[in-house]
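Remarks on the structure that follows.
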Amino acid sequence: MNDQNEGVFVKVGETKDIQASQMKEVQIDGQDVCIANVGGKYYAIGNVCTHEGGPLADGRLEGYEVECPWHQSRFDVRTGKVTRSPASESEPTYEIKVDGNSILVKKHSTGTEKKEQPQQQGPPSSPSSEYEITLLDKQKFEGTDVMSFRFSKQQQEEEANGGQNSLFDYTAGQYAFFDIGEVYNDPKGPIRHFTISSSPTEGYIMITTRIRDTPYKKRLSSLEKGTVVKVRGPQGKFVLHEDYSKPAVFLSGGIGVTPFRSMIKYAADKRLPVKIVMFDSNRNQENTLFKTEFDEYSNMNRNLKIVYTITEEVKQAVQDSISSSPAGQQWKGERGRIDKAMLTRHLTDDEIRNSIFYTCGPPAMIKAMQDIIQNDLKIPKDRIKVEEFSGY
């Protein structure tokens, strides 16, 4: 007699398909599941990393820990619990059994599913949707390897909803996954996730990224106007807090400025009564992205203040004043990396005591900012939000 609690098991493969210390991705009722073989015993865990959606089966399996290939979060395949950040939410796990040579997984796990997370400020955690959107145009930032791509916000779904347009909606600061098609032999796979650098108040979806010598980035940079791509999302909780009585301090490094561009534009357009101070650190003037826009928003929004700093040493100080190019005009901002002294020069004691701190950039910059915020300024962790850009 079968126990009613056993549920329905489905075959997902043969034991010969997954050797010891190996993993394989399977699908169960549309859910991506990672099957891991640890010393001849099989485990089933959600395949989509809870940090930013990396495919766990493409990562490394060390003992009972699976490591995400994108940002190196780790999970215990037995329990789904996070064993190394940046992920903070557990993975769902599934009951698994071996019948002869067949590997079977229960369709709906009982007792080990991912627990519902407590409510947080920002967007609700909901299943992602997939849309087909069209490239409107692209722009290269002169003197850099950075490009922006603008896509339509709507797709036509004549059969699905009688010809009505389906709108891709998101919250400022969120990200999405972009499947641009015809990407082959990329070690990171054919899909990438990007922060949406446009604001929900704008009539398009924009992503801004550095173009690297990889199959995906080469394909992205060569897309022609009118190309249709697939986007899945939105996702992410790196969004502006809702208590506008608390100021926001943005600490940006390089391409990490993209979610801040989205938030700043949104705050300006909506005239949000929230004080925002952004420290924007870049290698040089050329790589200070969106500066013209930010200066315009600062003039429009009295609650916005931006402190620019460049870290590249100037060999001849007079070069700044004699250059005739816009990028080479005399630099009037800060110089050097963001540090405690720079922050305290531009922030009042009240702002330091009450602000929510946001930091986004490459891993080394993130670590440095966290050290300053937590150890030097004594900001508690519940007033710090972090978004890491690994540069892939």
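Taking all protein chains as present, what is the carbon and sulfur share of the accessible area of the stretch 205-281, in % to the nearest whole number, probe 1.4 Å?
Its accessible area is 45 percent carbon and sulfur atoms.
How many nm is it between the label spots at Leu167 and Glu312, if each spot is 7 Å from the Cα in line with the beta carbon?
The two pseudo-label positions are separated by 4.1 nm.
Pop a pseudo-label 7 angstrom from the Cα along the beta-carbon direction at both Arg337 and Glu25 and give the gap in nm to one decimal.
3.6 nm
Could you work out how far apart the two model spin labels at Lys16 and Arg353 are, taking each label as a point 7 Å from the Cα in the direction of the beta carbon, and quote it in nm?
7.2 nm
Could you rank Val257, Val228, Val12 by how accessible they are, 1.4 Å probe, largest area first?
In descending accessible area the options line up as Val228, Val12, Val257.
Name the aspartates and glutamates eligible as straight-distance cross-link partners of Lys16: C-alpha to C-alpha under 14 Å, and not fewer than 8 places from it in the same chain.
Asp99
Given a 1.4 Å probe and the protein chains all in place, what does the accessible area of Trp70 round to, in Å² to the nearest 10?
20 Å²
Rounded, prolate or oblate, given the Cα gyration tensor of the stretch 158-254, with a/c below 1.5 counting as rounded?
oblate
Within the stretch 70-109, whose backbone N sits under 14 Å from a point 7 Å along Cα→Cβ of Val8?
Those under the cut-off are 105-109.
Of Thr288, Thr309, Ile276, which is farthest towards the positive pole of the stretch 266-318's charge dipole, taken about the Cα centre with +1 and -1 on the beta-carbons of Lys, Arg and Asp, Glu respectively?
Of Thr288, Thr309, Ile276, it is Ile276.
Between Thr344 and Asn185, what length comes free when the chain is fully extended (0.36 nm per residue of separation minus the Cα-Cα distance, one decimal in nm)?
Contour length minus Cα-Cα distance gives 52.5 nm.
Greater than 20 Å separation of Cα atoms is the criterion. Which listed pairs, Lys153/Lys385; Lys237/Lys305; Lys138/Lys218; Lys305/Lys381; Lys138/Lys291; Lys217/Lys385, meet it?
Lys153/Lys385; Lys237/Lys305; Lys305/Lys381; Lys217/Lys385
The values are calculated or read from the model by the stated rules, or taken from the named source; none is laboratory data. Note that the structure is a prediction, hence the values are computed from the model and not measured. In this analysis, Cβ positions are derived from the backbone assuming ideal geometry, glycine residues included, and neighbour counts consider all displayed protein chains. These area figures cover heavy atoms from the full protein model, side chains too; ligands, DNA and RNA do not enter into them. Shrake-Rupley method; radii C 1.70, N 1.55, O 1.52, S 1.80 Å.
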